[in-house]
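The values are calculated or read from the model by the stated rules, or taken from the named source; none is laboratory data. Please read all numbers here as calculations on a predicted model, not as lab measurements. Note: ideal-geometry Cβ built from the backbone for every residue, glycine included; neighbour counts use all protein chains shown.
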Amino acid sequence: MSQIAGELARVSGAFEQPTLTLLHRRDAPVVISLFRAAFARDARNVPAARLHGMVETYTAELRAAGAPDVPAGSGRDLCLRWMRGRWLVRSVEDDGTEVYTLTSHARDALSLVASLMRERASLSEHRIATIVNAVRRFNAEANPDKWARVDILDAEIDRLKRERDRLLSGEALPEVSDDYMAEGYGELLALVAGLPSDFARVEEAFTALRGQILASFREEDRSAGAVVDDYLRRAETLTTATAEGRAFEGAFALLRDDDLLVQLTEDLGALLTHPMAESLLDAADRRDLRGTVTLIRRGMDNVLNQRTRVTRTLRDYITTHNVARDRELDATLRQLDGELQRWLAASGPRSNVDLPLLPGRVEVDHLRERFYNPAEDAAVPALRDLTDERPAELSLEQLRALGGPSLGRLRYVLQEAIAAAGPVGSLGELFAGLDDDLRRPVEILGLLHLAANTKALPAAGEERETFVAVRPDGTRRELLVPLVPLPTDPPPDDGPPGRASAGTSGRPARRRGRTKTSGDATS
């Protein structure tokens, strides 16, 4: 039994692909012409409003020229129609602009039409040489026999050496025919023209992967971690395990090899400056070949951006997805479905129920924001009787020792030190000459506070000095404090100190006016 039925099924499936669907339309020449005019190779994306206007302008010009089978409709209607045919896709850029992009199916159709537009021979020396070289290189890289690979490499080395020796001996270069050059340029242009569709396939594969992963999240048949692991695994193998990723993988390897990239640029430049290139290549072909490296870079950037966009979308979905809310909505819908089934079982075929499109608004004058909390209504616990635990009475000196800095006495000491202009050069040296009752750790803060309130305080540098403080119990503690030079102006006077200090001045702390004994304790 022949296999014609299976062949017919496979061919029918191929004809159902959007590429052949586009080429099979009556208006295919017009649509392909519009795509070629609107989407040049350098213009990957076209803003939606601009494409609508371009399509309307081009179709009006074609109707005025008497072209047959020009599709009817506005530019927006035609673009929407082409989107349904899977030849255009509309997306939103990061800046919020809506753009149209050709799908890989549309680019395949453009490439096929472009290849048919070029004049090329069906069989030539260049075609056979290309096949032989490709098979030879493929065998040299894939042959499992080590010695067979060595023989192939030795033969290639001998051939190249003979050619090099022949050229160095002064023999003439072999002549290359016009047909050979034309065939070579044609195959090179065909390979370059196929790159955009290959890159577009990789982008569409990432987009399809995004849809599958989001569907897996919504189905909730697997955990979120398993879905993310599956996405990462498929994203890593997308460029190697699928046919769509071959162009992207090759471009990525090319851009990682600077020497290979330079070699490609130099080879393309040499081919474009060939004497026959002027007659065999038109301006568009030369522009396409000259922009090959730029095309590869742009295609790789687009694929990476699409992968980044998919990853960002999945990350946002994971961080904002509320599983509990989705389950609650699913339970509500199931409950409604159950109620509907019970109503259908008890009602007749012509029964109806008046249901408002939207639920009515509930009129509430005041909505309580807080509800009764029994814990807040409990009585305050009774106070404990601490009569037996009352601490021993403290003297005034003990209370003063537990308080803050003695700002009054410190101010007087600082004023006396500034007026004396003696050998004291920093606050640390001034602090070292004070009495023990003025060298508590907290007095350091008071001294720095008073110095900071002066008008001519020198700036403190990165140097440090040690303050040896004395606690009320007699223990000492060393503190490392920034070195602050002694101010040149005294701090503002809030009144006389409470008592004398036997510090650097050695004089009693006695000034005009009445004595203010409560200033130290409150300070």
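Do any helices (runs of 4 or more DSSP H) lying entirely in the range 417-523 carry at least 2 residues that are at pLDDT below 75 and surrounded by fewer than 19 Cβ atoms within 10 Å (Cβ to Cβ), and which ones are they?
Correct list: 518-522.
Just checking, does the range 12-22 include any residue being among the acidic types (Asp, Glu) and either crowded, with 17+ Cβ neighbours inside 10 Å or not in a loop (DSSP other than H, G, I, E, B) (or both)?
no
Tell me, please, whether a residue that is over 27 Å from Pro492 (Cα atoms), part of a loop (DSSP other than H, G, I, E, B) and outside the structural domain of Pro482 (by TED's automatic domain parsing) can be found in the range 397-405.
Within the range 397-405, none of the residues are over 27 Å from Pro492 (Cα atoms), part of a loop (DSSP other than H, G, I, E, B) and outside the structural domain of Pro482 (by TED's automatic domain parsing).
Name every residue in the range 23-46 that is surrounded by 14 or more Cβ atoms within 10 Å (Cβ to Cβ) and outside any helix (DSSP H, G or I), in order of residue number.
Arg25, Asp27, Phe39, Arg41, Arg44, Asn45, Val46
Select from the range 254-276 the residues that are over 18 Å from Ala182 (Cβ atoms), surrounded by 12 or more Cβ atoms within 10 Å (Cβ to Cβ) and of a type in the set (A, V, I, L, M) and list them in ascending order.
Of everything in the range 254-276, those that are over 18 Å from Ala182 (Cβ atoms), surrounded by 12 or more Cβ atoms within 10 Å (Cβ to Cβ) and of a type in the set (A, V, I, L, M) turn out to be Leu254, Leu255, Leu260, Leu261, Leu264.
Can you spot a residue in the range 345-365 that is in a helix (DSSP H, G or I) and over 41 Å from the mean Cα position of the chain (by Cα)?
Yes, that holds for at least one residue.
Listed residues Ala452, Ala432; which is more than 16 Å from Pro491 (Cβ to Cβ) and assigned by TED's automatic domain parsing to the domain that holds Leu486? First the steps, then the outcome.
Values: Ala452 fails: more than 16 Å from Pro491 (Cβ to Cβ).
The unique qualifying residue is Ala432.
Could you say whether any residue in the range 294-305 is within 23 Å of Ala215 (Cα to Cα) and of a type in the set (Val, Ile, Thr)?
Yes - at least one qualifying residue is present in the range 294-305.
Could you please find all residues in the range 71-84 being buried (at least 17 other Cβ atoms within 10 Å of the Cβ) and over 35 Å from the mean Cα position of the chain (by Cα)? Give the derivation first.
Filtering the range 71-84 down to residues buried (at least 17 other Cβ atoms within 10 Å of the Cβ) leaves 71, 75, 78-79, 82.
Result: Pro71, single match.
Pick out the one residue from Ala49, Ala65, Ala9 that is surrounded by fewer than 16 Cβ atoms within 10 Å (Cβ to Cβ), farther than 25 Å from Pro196 by Cβ and assigned by TED's automatic domain parsing to the domain that holds Arg107.
Selected residue: Ala65, the only one of Ala49, Ala65, Ala9 that is surrounded by fewer than 16 Cβ atoms within 10 Å (Cβ to Cβ), farther than 25 Å from Pro196 by Cβ and assigned by TED's automatic domain parsing to the domain that holds Arg107.
Filter the range 1-36 down to the residues that are among the small types (Gly, Ala, Ser) and over 13 Å from Arg107 (Cα atoms) and list them by number.
Answer for the range 1-36, where residues must be among the small types (Gly, Ala, Ser) and over 13 Å from Arg107 (Cα atoms): Ser2, Ala5, Gly6, Ala9, Ser12, Gly13, Ala14, Ala28.
Filter the range 295-319 down to the residues that are under 20 Å from Asp230 (Cβ atoms) and either of a type outside the set (A, V, I, L, M) or not in a helix (DSSP H, G or I) (or both) and list them by number.
Gln306, Arg307, Thr308, Arg309, Thr311, Arg312, Thr313, Arg315, Asp316, Tyr317, Thr319
Hey, does the range 106-116 have a residue that's outside any helix (DSSP H, G or I) and polar (S, T, N, Q)?
Scanning the range 106-116 turns up no residue that is outside any helix (DSSP H, G or I) and polar (S, T, N, Q).
Checking Leu329 against (1) loosely packed, with under 10 Cβ neighbours inside 10 Å; (2) within 45 Å of the chain's Cα centre (by Cα); (3) modelled with pLDDT of 80 or more, which single condition isn't satisfied?
(1)
One line per residue, one yes/no per condition, for (1) more than 16 Å from Ala182 (Cβ to Cβ); (2) buried (at least 16 other Cβ atoms within 10 Å of the Cβ); (3) hydrophobic (A, V, I, L, M, F, W, C); (4) modelled with pLDDT under 80:
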position: Asp94; (1), (2), (3), (4): yes, no, no, yes
position: Val99; (1), (2), (3), (4): yes, yes, yes, no
position: Thr103; (1), (2), (3), (4): yes, yes, no, no
position: Ala109; (1), (2), (3), (4): yes, yes, yes, no
position: Arg118; (1), (2), (3), (4): no, no, no, yes
position: Thr130; (1), (2), (3), (4): no, no, no, yes
position: Glu141; (1), (2), (3), (4): yes, no, no, yes
